[in-house]
Every structure is written in C-alpha cells, then in structure tokens.
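Have a look at the structure below, then the notes.
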Amino acid sequence: MNKNRNQAFASFRVLIATLVISVVSLSQLPGKFPAFLSITQVLAQTPEQLKMRKWSQKKKLANNLYWQGKEYYDNDHFKIALPLFEEAYKIYQETGELKSEVITINYLGDIYDVLGKYSQALKTFQRALVIYKEAGDNLGEAKTLNSLGGVYLNLGQYPRAFVFFQQSLEIYKKYGKFRQIDSLLNNVGVTYAYMNQYSQALTLYRKSLNITKRLGNRQGEGGVLSNMGKSFYYLGKHRRAMDLYWDSLIISQEFDDRFFKGLTFNNLGLLHTYRREYKEAEKFYQKSLEIYWESGNRIREAEVLRNLGWLLFKTGKLPEAEKTLLDAIKVMDSLRQGLNYADQVSLFKTQAEAYRTLQSVYIAQGQAAKALQISEQERAHVWVDLLSTKSSLKLVSQSSNAVDFPEQNLPQSLTSSINLPTIKKIQQIAQAQNATLVQYSIIYDPLKIKGGRIGQESELLIWVIKPTGEAAFRRVDLAPIWQQQNAYHSSLGYHFWTISTTTNLYKEALTRNWHRQDAITSIILLVGGIIGFALFGRRLVINLFIKPLQPLKRHWLFFWLFSSLVATVGGGGLFSWEFLSLMTDLSYSNHQSIFFAEQLEQSEQLQQLHQLLIQPIADLLPSDPNAHVIFIPPEPLLLVPFPALQDTSGQYLIEKHTLRIAPSIQLLDLTRQQRQHISGLNEEALIVGNPTMPIFTSEIGQPPEPLPSLPGTQQEAKAIAQLLDTTPLMGNQATKKMILQRMPKARIIHLATHGLWDDFQGLWSTLALAPTDDDSGLLTAAEIRKLPLNAELVVLSACDTGRGRITGEGVIGLSHSFISAGVPSVIVSLWSVPEAPTAELMTEFYRQRKHTQDLAQALRQAMLATLKENPNPIDWAGFTLIGESKAITAYQRAQKLDTEVDLNPNTPEVIEKLKNE
C-alpha cells in the first residue's frame, strides 16, 4: 500500500510540474489578452518556432523534474525521486541534452542500486560509461566505474567489484582528486572486508581516514569509522569496534546521514548479539530497519531481517523468527529479478544464511519436513529457475500442492513467491529415480568467529528419502570436530581437496623435471617440502618427498634437505600460489600413492569423512550394491569424492553402493524430463582428445601462456572412438568451430582436454580446444549454456572440470552449463586426474556401458576395475556422475526415430543398427 501511494504521489508531482511549466510559459507570452491572444500568437508561429518553443518548454520541465528528484535523492527518499529522474531522463534523451542526460543517468543508476534493481542499475551505468568514453570525459568515466563497482559489490561479485574500483582509483589519482580517492580507498577496503581480508581492509580504511581528516570531510569520516568498526569486530576486538561504532553514530546523527546511521545501528545489533545482550541488539536492529524501510534500501533491509531472525531464534521466539526470516527471503527474492545467471548465483550466495537459519528454526519446532523444503530451495533456487525458463520443463512444485504432512505446509506468503517442492513430490522423485536420496545441510553459528572467518560449522543435518517414500532425518553435532587437534582447516570438503591437490601438484612437477636436475627442479622440490611440512607434518615429507628422490644424485638431495630446513625455520616465505597454478597443468602417471604419504594417514582421513557423512545414516542405505544412492551435498562437501570414503574395515563406499550426485533434488526431476525430450535422430559420438592447446591467461595483468599438451588423452580418445565406432578429433582438427558444429548432432560427447575455471571472471569455466586464426579456442560455460544440445551424455575427462566456482547450487562449472543446455547426464572430475589411469577408467566405462544402460553402474564397475590396478583414490575416485543415470536404449531411439521420421523400428536398416549396438 505504501509503495503504491509513493508511486502515485510521484506521478502526481510529475503532472503538477508539467502544468506549472505550461502555465508559466503561457503567462510569459506577449499581449494584453492573456488567454486567447497568447494562444492565437502561438498558433501563428512557424513550425520551426513552435518546435523550438516546445523544446524549450520540455527542457524547463526536465530541469524542474531533475531538481525535484535531486532534492528527494539527497534526503534518501529514493522511491519518490525515481520517477522524477526517469521522466527527466526521457526528456533529455529526446531533446539531445547529452550532458544533462548523463548526469541524470548516474543518479538513476544509484537509485536502482539502492532499491535493489541491479539489472537496471548495470544497464544504466554501462550506458553512462559509453557516453563518457565517447566524450573523452575521464572523470565521468571514473565516477561510473566506481558506481559499477558498487553494484557488483552488492551482487557478491567481489573480484569484479575490486577491478572496477581499482580502475576508478587510478584515474582519480592521475587527476589528484583526493575526495574521490578517499571514497575509493574506503570502497576497496569494504571489498577486502567482504572477502574476509580484514587486515588489508583496515590498512585501506586508515589511509582513507587520513585523507578524510585532511580534507575536513567530517561526514565521510563517520562512514569510514563504521566500516573500521566492523573489521575490528570480525577480528575479535570488540571493545575497539564498539568505540568506533559510537564515534561513527555521533557523526552520522550530526549530518543526518541516514545510510550510515542504518549501517551502524545494524553493526551495533551484531555486536550486542555477540555479547548476548539481546534486548539491546533487537532495539538497534529495529532502528536500522526503520531507516531502510523508509529509504527503500532493499538489500540492507534483507540483511537486517536476517540478523534479527537469527537473534529471535537464539532467544527462543521461534514463530517470530520464522516470520522474520521468511520476510528476509521474500525481499531477497525480489532482488534477483532481471539479473543474468551469473549475477543471480553470486547474489544468492550472499543471502544463503537466512535459509540455513530458517532450517534451524523448523528443526527446533520439530518440523524436519519443512526444513528439508527450505534446504532444497536454498540450493535449487537458481538451478531450477534457469532450466525451467530455458525449456518447457515442468517444475515438480507446480504439478501438485498435496503433501504427506499437511501440518507442515509452508506459509502461503513464501510458496507464492518461490517454487518449493512438496514432501510428496520429493518422495515421488526418489521413486522415479529408483534411488535413495541423501541430502546434507550444514548449519553455521555466526557468532563463532575464528581467525577472521565469519561463522563456524555447528551442525550437520541429513535427510534420507528411500524409493519407497520412507523418509528419515538425522543430526550430527560438529562441535567435537572443532575441539580436536586435527580439525579440518576451513571446511570439510576443501581440506580433502587441498591434500590431494597439493600432493598431486608436487609429484607432477617432480616427474616432469626429473631429467633436468637444474635449478628449476630444486625450486620445485623446495616448494613441495615447505607445503608438505607446513600442512601435513614431517611424516608426509619423509615418505612423499624424500623417498622418491633416491634415484637423484646425492648432492641434489642434500641441497633440498638444507633448503627445506632453512625455509621452515625462517618462516616458509617462499610459498607461491602462482607457482602452484603453473604446476597444475603437468602430467603424472606414477602408480604409487600420491594422495597421502602413508596408507595409514589416507585411511584415517577417509574414515573420518565416512564417520561424519555416512555412518549416521548407514542403516538407512540399501544393502544391494546395485541400488542407487544419490548424494545432494552443500557447497563445503561438493569436492568430497564419496566413492573413496572408507568404513572402519577399510572398504570403500563405491564397493558397497552405486553412487551419483546432484546439486538439488528438483534438478533430478528436470534432468529426467530432459532425457525424455532427447531426439532419437542423434546417433553420432563426438570424441575429442588432446587438441592443440590454446594460450590462456590465468590472472589479470599476467602474460598469456600456452597450456601444456596432454598426450595421454590422445590414446584415451582413440580407444574410446574405436569402441564407439567413430573417428576422434585431435590436435589441429579439434577446433572450437568444428566442435560447435558437431555438438548439436552428437548423442555422446566425450572431451578429453583441459577444463579450466576462471574465478576472477566469476562463473565462466572454460574448455581448451584448438585455436584458429580468428578464434582463441576457449569454449566458455556461458557459450555452452546457449547451445541447442541433444546429447544424452557428456563426459569431461579433463583437468579440473568439476571445480567451478562453488556455490549453493552445486558445482558451478562446465557440468552446470551442459545440463543447462539440455544434457541429462554429465560425468566430471573433481580434481586434476592423472592421464594414464584416467584413460583406463574411461575406456572401461564405455566397455561397461555396452552391457548396461545404467550409467552409474557402468561408472562404478569402471572404478572397481581401475581400483584393482591403481589402488590409490587419486587415480579412480575423482569422477562423478551428475544427473540422470538411465541411458536411452537403442530400441527407445528407434521408437523416437519412428515418431520423428516415420521410420518403422522393425525395418532391416534399424534392426541392423540395433545389432551393431
């Protein structure tokens, strides 16, 4: 109601302003007869004069609207200012007032940003940037770059925001604009703070504060103090944070700076919540909410509602907490409108805490079914929207409103705004998949701040839904893990990946440089020793780094030992992530263990994960090893290779179950529908191996370098192509253009090449293909999503294909893109997989696939076969099947051919094709 009234009021003001300008214009016409004589004179003017008068009146109207809008803007009445600026902007465009247009467009962009209309904000600022660049206005360009950085900051795309801020800062430094430099330093500091780099943030805040004081900008000083206080809060220096908050609040009240008043009230609420002074905290949250409600700042409103919801949950006010968190989710939902896929994903990651807290509320109320629905919605939000929008697939939540537990129906206010699967539909999905679904959710305690990291894993929630419809819920307390000396580093899955990747990188580099015995080799050995000693202790160093060196000359061994000792004692300052990034593209084919130094350490880690993730639900899993188990993990567990988890007897999980994963339960229903829509016309298999490698820039500012060749994938492609009766594309033949032409016609797509992810660019994972004169050879995830694919299976047998930027929607990488393009089944690797065992595993997979249409079972048998010859998990456990497991049979394709081209499936031609398969 208030929103409609404000919009009506703004429209009324536009109308009044138009009438005022018209009356003033008529009253200024010459003549003694104000009414009819003035009108007669106007009519007697030439068309050119009338046009000039009309334009003059429009300019006056636009200027009037602009100044009224600016007055409301300066007083934080953004909703009222918006239609005034929009109308002024239209007139300036019509009359060709470019200077006024670009000034107005910047105000419009700021308002769109504040009101959470991010898509419009980005378009508006991009338009302004074009105008400034064409006009050669560097300062205007800098202002717009700063504004674009602010939008991306709100969207959670911090690396991109950082780049825009830095570009703006460089321009302002060039012109010596200290007030703007002050603002940019503060913005860059905020970006560091959002990335949990609080010490770097404080360094920039202090620089900003010094400039602010020299300029006498007391109002700006208040904003910097509030930001500094928040960094000190997360560093655990709460008394210092409190002092800074109050200093900021005094200044904000002095200048009636409503934005920073609202921000500081929220920060004070957080601090009092941490101190368990809940009544004081609630008062500050309410004050902050009032400001953001009035100004229309939606993203800040959602943040405060989320914090307030958690406070209400902690104080046992569960109904109030539920309502508040649902309100926060509704606000956040409204912010996604019009955004592209990448922006939606990054924005949603900043908002996931409200979903997790709401799960805790429902669990506390004894409503595990509701908690499952919210858990599912948390991870499926962008996935389902993207797929259902792109295709004609029908969401499970839209097909029925019936549920098994009517007393646990979610509020209508929530279900009307977002698509939630009912419990009954989740059970139907399990039945349709003929699989046991296992969904995990990790709950965080935001008051646990350790080493500047916000929140600590406090509880693991597990739901198990059997094909029969039977559902169960289990909880695991994670507090004991943090009390152990050997607790996981930052998250459960990341620790697992770090160990495997670090050891893999070292051994790959060692193998490649074995014959060189030069300074490069010694540096690699030194870095490997430092990593091993720092992360895993001396036992790993001895077994993994010293034993393999025995074939080397003795003086190299002594050089490495001495260098490692000096580096370790001196602090290990030679560690370089850039150096490790370079090594990730190297190959390794050694059959000895590179996952851990000793089998004992390996088993301990695998058993810890098994005890945490599998043991609590082991009695609920099927006893038949051929029965499917589908894991739906949250983001910290996405890199866990479930097949390699070991029970106390040392048996791997893959030996007891047929496994696959999915980013969400709803996705399983959508991929099943995608499988049913696949055309029967496609018979081609597209096999790509070791294309001529393109050059690739891993970081901004770094020179591009060619990716290393993968000769092992060439043999893999040849062997698989022979099994599938086709010819592989390799070397210079495997160009991006050729592959894009053949992809829509392929039933099976197998790509054995480098798969890269570019976290700086956000979500654009990349496949390396052969370059041409007019093409880089890099096929991005964004391009893949747009392809009209009709394949039933894509296999990404490549380096790092699974590890896209991790978010709540699943592994956001190339697998996501292929599923979005219509592929129901994708097999990816979770880490850099050695070439030789990969070739063995993939060849065995296709051999097994000839005997079964169950892709998960074929992959399981291939893993078990590879396990016999290569017992180390790094060699066989990295591959995972995402999505559908049932392949389309030859007879089903023949039936589709019958439907599509009026072919009789019993004709000799079709029968012969079936025999060949």
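Every number here is computed from the coordinates shown, using simple stated rules; none is lab data. Just so we're clear, the structure is a prediction, and the values are computed from it rather than from any experiment. Every residue, glycine among them, receives a Cβ derived from its backbone with ideal geometry; neighbour counts consider all protein chains shown.
Normalising by the residue count of the range 838-884, find the relative contact order in percent from Cα pairs under 8 Å and 6+ residues apart.
Contact order relative to length: 36 percent.
May I ask you to sort Met738, Met693 by Cβ crowding, counting other Cβ atoms within 10 Å and putting the fewest first? Intermediate results must be reported in sequence, preceding the final value.
Numbers: Met738 18, Met693 21.
In increasing order of surrounding Cβ atoms, one gets Met738, Met693.
Given charges of +1 on the Cβ of Lys and Arg and -1 on the Cβ of Asp and Glu, with all other atoms neutral, how large is the dipole of the range 275-381 about its Cα centre, in debye to the nearest 20?
260 debye
Work out the length of the dipole vector of the range 269-337 about its Cα centre, built from +1 on the beta-carbon of each Lys and Arg and -1 on the beta-carbon of each Asp and Glu, and round it to the nearest 20 debye.
180 debye
Treat every Asp and Glu Cβ in the range 97-176 as -1 and every Lys and Arg Cβ as +1, leave all other atoms uncharged, and give the resulting dipole magnitude about the Cα centre to the nearest 20 debye.
Roughly 180 debye for the range 97-176.
Could you please state, rounded to a whole Å, how far the C-alpha centre of the range 612-640 is from the C-alpha centre of the range 167-234?
Here the answer is 47 Å between Cα centres.
Most exposed first by the Cβ proxy, i.e. fewest other Cβ within 10 Å, how do Thr766, Thr104 rank?
In increasing order of surrounding Cβ atoms, one gets Thr766, Thr104.
Could you put Trp310, Trp463 in order, starting from the residue whose Cβ has the fewest other Cβ atoms within 10 Å?
In increasing order of surrounding Cβ atoms, one gets Trp463, Trp310.
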